[in-house]
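The structure appears right after this line, and notes come after that.
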Amino acid sequence: MLLIDFGVMFPDATMPGVDVILPDTRWLQERAADIVGLLITHGHEDHVGGVVHLLRDFEVPLYGSALTMGIARHKVSEARLEDRTSFQVVSDGERFKIGPFDVEVLPITHSVPQSLCVVLHTHQGVIVHTGDFKLDSNPIDGRITDLERLRELQEGPGVRVLMTDSTNADKPGWSASESTVGETFERRFPEWNGRRVLVSCFASHLHRVQQVCDVAIKEGRTIFPLGRSMVNNLRIAQELGVLDLPHRYVDSIERVDMYEPGAVCVICTGSQGEPNAALSLLARSDHPDLSLGPDDVVMLSSHPIPGNEIPVYRVIDQLSRLGCEVIHDGHEHVHTTGHAQREDLRCLYDAVLPEWYVPVEGEYRMLRRNADLAIEAGHEPDRTLVVLDGTQLALDESGLHVVAHIPAPYRFVDGLLDDLGPEVLDARRKLGVGGFVHVVVVVSQKSGLIGHPEISTQGWIDADKSVVVLAELEVEVAQAVRGALSKGKGLEDLERVVRRVTGGFVGNRTRRRPPILASVITVD
Ligand SMILES: [Zn+2]
């Protein structure tokens with residue numbers, strides 16, 4: 001068994017308290033002895049971010065380009081798991097063995113350098129998996145997608161299965177080349193002469209970083225990396241020669257105030273509005289080394305990932321209140337996608353002309369649009385498979401078939417445990433919406449209710465301002481308990497009575513529905 005990519009996902013607002021979401025590995029654990037390696041197509045978190053979690057359960061060698069292996073190695077050594085793996089660097093066009101697998105990797109363009117397209121040569125023919133990609137004819141490093149080799153495979157043995165990135169399958173036209181963003185930088189930077197400039201982008205987007213650095217240095221600015229992953233990725237990329245940034249042009253953020261504003265270019269993390277990242281701290285005036293003001297220019301060289309719009313716009317709003325000039329992709333071409341749009345996909349499809357087409361990487365509607373695109377391009381509809389996570393496909397002489405469904409739930413990690421199932425998440429959402437009410441009563445078999453019911457709440461009402469409401473509830477609960485005891489109800493029924501009376505009172509009196517907890521303590 002060969003694994004391709006092992007990433008993480010990040011939680012949205014419906015997953016309170018979740019740090020990270022991982023693929024479930026129980027199915028793999030039963031087959032651990034069969035796993036010969038993990039081939040990582042590129043260095044994005046949703047493809048490499050889970051390696052540390054994988055290596056805690058499995059000893060697996062890792063394969064990928066030099067940069068991807070550099071990013072993986074950094075994660076693995078931070079977690080002190082180096083002895084559970086090895087890092088096998090593979091080069092563009094190389095064909096090699098991973099266990100019984102005959103693997104070829106081709107250069108493909110994306111928003112992180114050195115991304116790979118995977119070609120598997122099997123006894124059932126050739127399988128091509130693009131990984132994430134766009135077709136950039138003018139990439140920053142000149143490393144273009146090897147469409148030649150894909151055409152050669154099509155004309156030679158032919159390709160039996162093609163799996164392609166669906167992220168932008170509903171966007172018409174071609175994706176814009178990364179180099180077009182640099183043209184905006186070239187045009188705008190001279191206008192900001194004498195002012196401090198801060199650019200925020202993904203730390204893995206090293207071609208974007210390169211373009212920012214090139215223009216900034218040309219304008220006589222020094223580069224100040226800010227944010228943990230930006231500092232780390234710049235160092236890894238400089239060491240590997242992926243980033244052409246001589247050390248003399250880089251300084252540490254603690255020294256930024258020693259420079260004239262016009263000689264500064266800060267490049268930082270947080271372009272998705274992540275609350276603890278550098279840009280959010282700056283927007284809240286909460287950063288120890290740097291404070292922003294009316295003379296500063298802040299550029300978000302990014303686009304909000306769906307779901308992140310609210311935090312991103314909050315950061316832009318805060319920066320605007322500080323008086324900063326904020327540049328973002330809503331009004332200026334300071335970002336371009338890393339994912340194939342319809343013309344890119346069409347071009348790749350035409351180069352490969354596969355027997356079977358399987359859209360991957362995207363939500364269902366995107367997979368569907370990607371499949372329809374292939375059909376529009378002339379592909380047989382019944383040789384297109386739109387499948388969900390966990391669907392097991394088998395390729396044999398007669399074609400590609402769905403043979404099984406493997407359970408593929410997510411693992412929601414919070415702190416040290418990954419035990420957040422649907423019930424726990426649902427409880428967290430209810431608590432988040434309504435707070436809770438807890439009522440404790442103490443009773444004895446001989447004397448009945450002892451003292452007053454004890455009511456505590458978090459988040460239901462403002463207890464200081466609603467003393468009357470709490471007193472009324474106390475009286476209702478006490479009456480109900482006395483009534484129940486006088487009717488000879490057993491202690492075991494009391495908890496239910498307390499919960500029902502409290503729930504009824506809370507609903508009628510406040511029209512709110514917090515979860516109700518009831519405890520009955522007996523002192524006989
Ligand atoms: Zn990616």
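The values are calculated or read from the model by the stated rules, or taken from the named source; none is laboratory data. Predicted, not measured: the structure shown is a model, and the values here were computed from it. All Cβ positions, even for glycine, are placed from backbone atoms using ideal geometry, and neighbour counts span all protein chains on display. Keep in mind that these areas ignore ligands, DNA and RNA; they rest on the heavy atoms of the full protein, side chains included. Shrake-Rupley method; radii C 1.70, N 1.55, O 1.52, S 1.80 Å.
What is the helix-to-structure angle for 422-434, meaning the angle in degrees between its Cα long axis and the longest Cα principal axis of the chain, kept from 0 to 90 and rounded to the nearest 10?
It works out to around 60 degrees.
May I ask you to give the percent of accessible area on the range 179-327 that is carbon plus sulfur, with a probe radius of 1.4 Å?
Here it works out to 50 percent.
If we restrict to alpha carbons, what Rg and Dmax does the range 428-524 come to, in Å?
When restricted to the Cα atoms of the range 428-524, Rg and Dmax are 13.4, 41 Å.
Show the residues, 5+ positions off or on another chain, whose built amide H is closer than 5 Å to the amide H of ASP102.
Under 5 Å from the amide H of ASP102: HIS121.
Taking the Cα centre of the chain as the origin and placing charges on Cβ (Lys, Arg +1; Asp, Glu -1), which of GLY323, VAL105, HIS452 is farthest toward the positive end of the dipole?
Checked the options; the winner is HIS452.
Have a look at MET366, MET299, GLN341 and report the one farthest towards the positive end of the charge dipole of the range 299-392, computed about the Cα centre with Cβ charges (Lys/Arg +1, Asp/Glu -1).
Sorting the options by dipole projection puts first MET299.
Counting only the heavy atoms of the protein chains, how much of ARG187 is accessible to a 1.4 Å probe, in Å² to the nearest 10?
130 Å²
Run the simple label-point estimate for THR122 and LEU388 please: 7 Å along Cα→C-beta, distance reported in nm.
With each label point 7 Å from Cα toward Cβ, the separation is 2.3 nm.
Once R0 is set to 45 Å, what does the formula 1/(1 + (r/R0)^6) return for the Cβ-Cβ distance between ILE406 and GLU476, expressed as a FRET efficiency to the nearest 0.05?
Plugging the Cβ-Cβ distance into 1/(1 + (r/R0)^6) gives 0.30.
Full extension from LEU81 to ASP244: what is 0.36 nm times the residue separation minus their Cα-Cα distance, to one decimal in nm?
Taking 0.36 nm per residue and subtracting the Cα distance, the gain is 55.7 nm.
In square angstrom, rounded to the nearest 10, how much accessible surface does TYR63 have for a 1.4 Å probe?
Surface open to solvent at TYR63 totals about 30 Å².
Kindly identify the range 179-327 as rounded, prolate or oblate by the Cα gyration tensor criterion: order the square roots of the eigenvalues as a ≥ b ≥ c, call it rounded if a/c is under 1.5, otherwise compare a/b with b/c, prolate if a/b is larger, else oblate.
It comes out rounded by the Cα gyration axes.
Show me, for the range 512-524, the HN-Hα J-couplings you get by feeding each phi into the Karplus relation (A = 6.51, B = -1.76, C = 1.60, θ = phi - 60°), rounded to Hz, glycine and proline as x.
10, 10, x, x, 10, 10, 10, 10, 10, 10, 9, 10, 6
Relative to the longest principal Cα axis of the chain, at what angle does helix 206-218 sit, 0 to 90 degrees, rounded to 10?
Here the helix axis deviates by roughly 70 degrees.
Quick one: which of 105-113, 117-125, 262-270, 240-248 comes out on top by average Cβ neighbours within 10 Å, and what's the full order, highest first?
105-113, 262-270, 117-125, 240-248
Quick check on the chain: what does the Kirkwood estimate of hydrodynamic radius come out to from the alpha carbon pairs, in Å?
26.8 Å
Can you work out the FRET efficiency for the pair SER444 and TRP27, with r the C-beta to C-beta distance and R0 = 51 Å, to the nearest 0.05?
The computed FRET efficiency comes out at 0.40.
So what is the accessible area of the range 179-327 per residue, in Å², with the probe set to 1.4 Å?
44 Å²
Label the range 221-281 by shape, choosing from rounded, prolate and oblate, from the square roots a ≥ b ≥ c of the eigenvalues of the Cα gyration tensor; if a/c is under 1.5 it is rounded, and otherwise prolate applies when a/b is larger than b/c, oblate when it is not.
Verdict is oblate for the range 221-281.
Can you list residues from other chains, or at least 5 along the same chain, whose modelled amide H is less than 5 Å from the amide H of ASP19?
Result for ASP19 returns VAL413, ASP414, GLY415.
Can you give me the long-range amide H partners of CYS117? Hydrogens built in the peptide plane at 1.01 Å from N, cutoff under 5 Å, separation of 5 or more residues or another chain.
For CYS117, the qualifying residues are LEU106, ILE108.
On full extension of the chain, what length is gained from HIS74 through SER456, given 0.36 nm per residue of separation minus the C-alpha to C-alpha distance? Intermediate results must be reported in sequence, preceding the final value.
On the way: separation 382, 0.36 × 382 = 137.52 nm, distance 4.75 nm.
Extra length available between HIS74 and SER456 comes to 132.8 nm.
Would you please give the FRET efficiency between MET1 and THR522, computed as 1/(1 + (r/R0)^6) with r the Cβ-Cβ distance and R0 = 51 Å, to the nearest 0.05?
Efficiency at R0 = 51 Å is approximately 0.35.
Quick one: what does P(r) look like for the range 1-93 with 5 Å bins over all Cα pairs, in whole %?
Distribution as computed: 3, 14, 25, 25, 17, 10, 5, 1, 0 percent.
If a paramagnetic tag sat 7 Å from the Cα of ARG255 along the Cα-Cβ line, which residues of the range 188-227 would have the backbone N under 13 Å from that point?
Only 222-225 fall inside the zone, counting backbone N under 13 Å.
So between ARG500 and ALA427, what do we pick up on full extension, going 0.36 nm a residue minus the alpha carbon distance? Write out the running numbers ahead of the final one.
Numbers: separation 73, 0.36 × 73 = 26.28 nm, distance 1.88 nm.
Length difference between fully extended and current span is 24.4 nm.
Mind checking the angle between helix 491-510 and the chain's longest principal axis? C-alpha axes, 0 to 90 degrees, to the nearest 10.
Compared with the principal axis, the helix lies near 70 degrees.
Taking the mean number of other Cβ atoms within 10 Å as a proxy for protection, how do you rank 408-416, 4-12 from highest to lowest?
4-12, 408-416
When only C-alpha pairs under 8 Å and at least 6 residues apart count, what is the relative contact order of the range 422-522, in percent?
Relative CO of the range 422-522 lands at 39 percent.
Can you find, among LEU153, THR502, GLN272, the residue sitting farthest towards the positive end of the charge dipole of the chain, where Lys and Arg contribute +1 and Asp and Glu -1 at Cβ?
With unit charges placed on the Cβ atoms, the residue in question is THR502.
With a cut-off of at most 15 other beta carbons within 10 Å, and DSSP calling the residue loop, which trypsin sites (Lys or Arg not before Pro) in the range 427-524 qualify? Please list them. Please report the intermediate quantities before stating the final value.
Details: sites: ARG428, ARG429, LYS430, LYS446, LYS465, ARG482, LYS487, LYS489, ARG496, ARG499, ARG500, ARG509, ARG511, ARG512; in loops: LYS446, LYS465, LYS487, LYS489, ARG511, ARG512.
Passing both the DSSP loop test and the Cβ count: LYS446, LYS465, LYS487, LYS489, ARG511, ARG512.
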